[in-house]
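Asker: Before I ask anything, here is the structure I am working with.
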Amino acid sequence: MERLPALWTLKYKIKNEVGTEIDFTKRKFLWDIYNDLSPKQALLKPPQIGATVMNTLKSLYVAKKIGKQIIYTLPTQGDVQDMVGGSFNRIIAQNPILKEWVKDHDTVEQKSVGDSIIFYRGTFTAKQAMMIPSGLNIHDEVDASDPNVIVQYENRLQAQEDGGWRWYFSHPSLSGHGVDVYWQKSDMKEWHVTCPYCKHQQVLTWPDNIDIQRGVYICTKCKEELPNEARINGVWKNKDGIEWDGKIVGDYEFSGWHVSQLMLWNKSARDIINVYNDPQKDKQYFYNYVLGLPYIGSEDKIEPSTVLKNCVDVVNDQAGRIIIGVDTGHGIHFTLMNQQGVFYYGNETEITASKDPYDTLRGFLRRWPKSIVVSDQGGDLIGIRKLQAEFPGRVFLVFYRKDRKSVDLVSWGKDEEYGKVTVDRNRMMTLVVEQIRDIGRVPLNGTKEEFSEWASHFGNIYREKVAVKDVKDKDNKELYGGEYVWKRNGPDHYCHTLLYAIVGLQRYGGGLAKIVAEGALDRLPTGRMVDAEQTMSFVRASDFNQNNQWNG
């Protein structure tokens with residue numbers, strides 16, 4: 001049996017809705033996506049890449065050649081009328097082989113293809129998801145569709161022995177919404193192009209691959225102009241750098257594809273620049289419709305350069321209580337601060353018969369007799385608890401919990417629970433990020449060079465809204481709600497060390513903070529904001545040697 005839809009397309013000289021023959025010569029990136037018959041797929045795309053034609057042809061191919069009954073959804077029933085009555089029917093009319101496959105008397109809402117049927121449905125009427133069995137659900141324009149109804153369509157796949165196929169296609173909208181949910185579960189394939197001059201292979205990104213002054217695509221390494229041929233002749237590689245050969249490699253649920261307009265031969269660098277500079281189009285439009293990426297607003301991330309704006313050239317006198325925030329796991333990471341700011345950070349990863357990374361923490365606790373450690377409890381179950389037993393009343397273990405609808409973000413254990421701290425993870429991280437963003441509230445005593453590694457961890461975290469089953473209707477059935485969750489795409493240890501240190505400082509260090517009015521933070525009922533005391537006494541990170549010993 002033929003299992004290459006792109007080859008079949010060429011063999012029968014398939015035409016699109018306007019009668020132009022499908023040609024992959026200048027859109028080679030589409031070849032592998034056409035041929036992908038993985039049961040679960042996710043495609044992030046901008047407009048104008050030929051996705052509607054591809055989806056139509058792939059659905060017909062699977063219905064006829066593989067014999068699967070299909071549900072094809074679009075956001076509304078009006079979209080169904082436009083797509084089937086326009087694009088779909090016109091594609092059928094242009095191709096003799098398809099006219100043989102599809103019977104003439106079918107309605108707009110369903111088409112018989114061989115022994116199978118393709119049902120076309122909108123997603124804003126829940127009853128449309130009922131009573132239709134399916135072997136493949138194709139969800140087009142996911143981000144404009146009703147997610148609750150899409151879940152109901154998924155239930156129509158349960159009778160299938162293979163669990164049913166699910167394909168999701170859309171220009172993305174917001175991070176953590178719509179097609180991005182499935183993309184995050186995928187192998188995240190990107191189109192890699194090779195510079196003809198220095199042979200550097202790269203994924204085309206904005207603004208790195210565009211010289212704004214010259215208005216041309218460039219290589220990120222040698223800065224030479226990238227010709228159209230280089231952008232056309234790329235290869236697909238997954239997030240692990242493995243080239244696509246027709247099957248998912250690794251423990252990924254979905255086959256994922258990301259297409260941007262930077263890959264299109266007929267989109268010049270000047271075209272991209274013009275859209276970016278268009279005052280009528282905001283950043284989200286540029287991300288979604290040009291880059292084909294979900295948009296993360298400025299409130300949902302923080303750049304390392306913003307973090308480093310908090311660096312101050314003054315010396316910490318180490319007065320008051322020192323709080324040591326610790327993140328455990330593969331070794332330990334730590335941040336030291338007091339009322340005057342953050343004055344030192346570091347990590348210990350080497351563990352040998354003669355070296356215990358916790359000895360560094362022991363040294364801190366002995367150097368500053370009033371200091372305390374606030375640490376996560378889950379990364380290392382033994383080492384941190386041993387330290388807690390050695391220094392009674394001075395080591396506190398943090399347990400993250402799901403955010404609550406409560407004023408208090410932090411709960412300190414009492415009596416037999418003493419030493420345990422429970423923290424609303426995501427609300428507290430939002431608070432910490434807002435404190436850093438408000439320049440001067442969390443001073444970093446040292447230079448930008450000294451704190452560059454520490455700040456880089458904040459560039460690896462981002463916040464997105466995710467679906468949660470935390471709401472029930474009057475019949476006690478689960479409904480889908482949503483919550484904001486901080487995620488990472490790289491090391492984020494120092495983010496948590498600062499969070500733990502701030503938690504401890506507010507309780508035992510006199511705090512950098514004063515209470516601010518309710519509503520000071522978006523989506524937080526109340527919060528404690530750092531109000532830094534300005535002082536001329538700081539200790540620099542460079543005042544410690546490589547063994548974390550003070551040089552003073």
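Asker: Just one of R437, R425 is open to solvent by 50 Å² or more (accessible area, probe 1.4 Å), within 26 Å of Y358 (Cα to Cα) and under 27 Å from the mean Cα position of the chain (by Cα); which is it?
Answerer: On the way: R437 fails: within 26 Å of Y358 (Cα to Cα).
On inspection, the qualifying residue turns out to be R425.
Asker: Please give the number of the condition E154 fails out of (1) in a helix (DSSP H, G or I); (2) modelled with pLDDT of 95 or more.
Answerer: Condition (2) is where E154 drops out.
Matching residues to (1) open to solvent by 10 Å² or more (accessible area, probe 1.4 Å); (2) part of a helix (DSSP H, G or I); (3) among the β-branched types (V, I, T):
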| residue | (1), (2), (3) |
| --- | --- |
| A42 | no, no, no |
| P47 | yes, no, no |
| T52 | yes, yes, yes |
| L60 | no, yes, no |
| A63 | no, yes, no |
| M83 | yes, yes, no |
| N89 | yes, yes, no |
| K99 | yes, yes, no |
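Asker: Return yes or no: is A51 at pLDDT below 90 and among the aliphatic types (A, V, I, L, M)? Don't jump to the end; show me each part of the working.
Answerer: Values: at pLDDT below 90: no; among the aliphatic types (A, V, I, L, M): yes.
So A51 does not fit the description; no.
Asker: Continuing with the same structure: For region 332-345, which positions are touching a helix residue (DSSP H, G or I) at 6+ places or on another chain (Cβ under 9 Å) and open to solvent by less than 10 Å² (accessible area, probe 1.4 Å)? Full working, then the answer.
Answerer: Of all residues in region 332-345, those touching a helix residue (DSSP H, G or I) at 6+ places or on another chain (Cβ under 9 Å) come to 332-339, 342-345.
The answer is I332, F334, T335, L336, M337, N338, V342, F343.
Asker: Of all residues in region 316-344, count the ones that are in a strand (DSSP E or B) and more than 19 Å from D380 (Cα to Cα).
Answerer: Going residue by residue through region 316-344, those that are in a strand (DSSP E or B) are 316, 323-329, 331-338, 341-344.
Pick out the ones that are also more than 19 Å from D380 (Cα to Cα) and you get 316, 323, 336-338, 341-344.
Summing the residues that are in a strand (DSSP E or B) and more than 19 Å from D380 (Cα to Cα) in region 316-344 gives 9.
Asker: Need pairs with beta-carbon distance below 6 Å; first residue under 17 Å from G297 (Cβ atoms) and within region 165-188, second surrounded by 21 or more Cβ atoms within 10 Å (Cβ to Cβ) and aliphatic (A, V, I, L, M); sequence gap 6+ or separate chains.
Answerer: Every condition considered, the pairs that remain are P172/L44; P172/V179; G178/V142.
Asker: Hey, among S371, S456, S375, which residue is touching a Gly at 6+ places or on another chain (Cβ under 9 Å), modelled with pLDDT of 90 or more, crowded, with 22+ Cβ neighbours inside 10 Å and among the small types (G, A, S)? Break it down into steps so the answer makes sense when it comes.
Answerer: Values: S371 fails: touching a Gly at 6+ places or on another chain (Cβ under 9 Å); S456 fails: crowded, with 22+ Cβ neighbours inside 10 Å.
Sole residue among the options that is touching a Gly at 6+ places or on another chain (Cβ under 9 Å), modelled with pLDDT of 90 or more, crowded, with 22+ Cβ neighbours inside 10 Å and among the small types (G, A, S): S375.
Asker: Restricting attention to region 359-404, and to residues there that are in a helix (DSSP H, G or I) and hydrophobic (A, V, I, L, M, F, W, C), which single residue is farthest from G504 (Cα to Cα)?
Answerer: So the first thing to find is which residues in region 359-404 are in a helix (DSSP H, G or I), and the list is 359-367, 383-390.
Then keep just the ones that are hydrophobic (A, V, I, L, M, F, W, C); that gives 361, 364-365, 384, 387, 389.
Values: L361: 16, F364: 16, L365: 14, I384: 16, L387: 17, A389: 18 Å.
Within region 359-404, the match that is farthest from G504 (Cα to Cα) is A389.
Asker: Residue check: is V249 within 30 Å of I49 (Cα to Cα), open to solvent by 40 Å² or more (accessible area, probe 1.4 Å) and among the aliphatic types (A, V, I, L, M)? Break it down into steps so the answer makes sense when it comes.
Answerer: Numbers: within 30 Å of I49 (Cα to Cα): yes; open to solvent by 40 Å² or more (accessible area, probe 1.4 Å): yes; among the aliphatic types (A, V, I, L, M): yes.
Answer is yes for this residue.
Asker: On the basis of being small (G, A, S), out of contact with any strand residue (DSSP E or B) (no Cβ under 7 Å at 6 or more places or on another chain), assigned to a loop (DSSP other than H, G, I, E, B) and more than 30 Å from P294 (Cβ to Cβ), does G19 make the cut? Can you show your working first?
Answerer: On the way: small (G, A, S): yes; out of contact with any strand residue (DSSP E or B) (no Cβ under 7 Å at 6 or more places or on another chain): yes; assigned to a loop (DSSP other than H, G, I, E, B): yes; more than 30 Å from P294 (Cβ to Cβ): yes.
In short, yes.
Asker: Here is a check on your reading of the model: is E225 over 24 Å from Y287 (Cα atoms), modelled with pLDDT of 95 or more and of a type in the set (D, E, K, R)? Give the derivation first.
Answerer: Details: over 24 Å from Y287 (Cα atoms): no; modelled with pLDDT of 95 or more: yes; of a type in the set (D, E, K, R): yes.
Spelling it out, it is not the case that E225 is over 24 Å from Y287 (Cα atoms), modelled with pLDDT of 95 or more and of a type in the set (D, E, K, R).
Asker: Tally up the residues in region 136-155 that are open to solvent by 10 Å² or more (accessible area, probe 1.4 Å) and more than 23 Å from the chain's Cα centre (by Cα), please.
Answerer: Count: 3.
Asker: Would it be correct to say that I232 is open to solvent by less than 70 Å² (accessible area, probe 1.4 Å) and in contact (Cβ under 8 Å) with a residue 60 or more places away in the chain?
Answerer: On the way: open to solvent by less than 70 Å² (accessible area, probe 1.4 Å): yes; in contact (Cβ under 8 Å) with a residue 60 or more places away in the chain: yes.
Answer is yes for this residue.
Asker: For region 310-342, give me each residue that is in contact with a Gly (Cβ under 8 Å, 6 or more places away or on another chain) and of a type in the set (D, E).
Answerer: D327
Asker: Restricting to region 379-389, name every residue that is surrounded by 12 or more Cβ atoms within 10 Å (Cβ to Cβ), of a type outside the set (K, R), over 11 Å from I324 (Cβ atoms) and free of Cβ contacts under 8 Å to residues at least 40 places away in the same chain. Don't jump to the end; show me each part of the working.
Answerer: We begin by selecting, within region 379-389, every residue surrounded by 12 or more Cβ atoms within 10 Å (Cβ to Cβ); these are 379-380, 383-388.
Retained after the next criterion (residues that are of a type outside the set (K, R)): 379-380, 383-384, 387-388.
Next cut, over 11 Å from I324 (Cβ atoms) only: 379-380, 383-384, 388.
Passing the criteria: only Q388.
The values are calculated or read from the model by the stated rules, or taken from the named source; none is laboratory data. Everything numeric in this text was worked out from a predicted model, so none of it was measured. Please note: Cβ atoms are built from the backbone with ideal geometry, for glycine as well, and neighbour counts cover all protein chains shown. Surface accessibility is based on the protein's heavy atoms, side chains included, excluding ligands, DNA and RNA. Shrake-Rupley method; radii C 1.70, N 1.55, O 1.52, S 1.80 Å.
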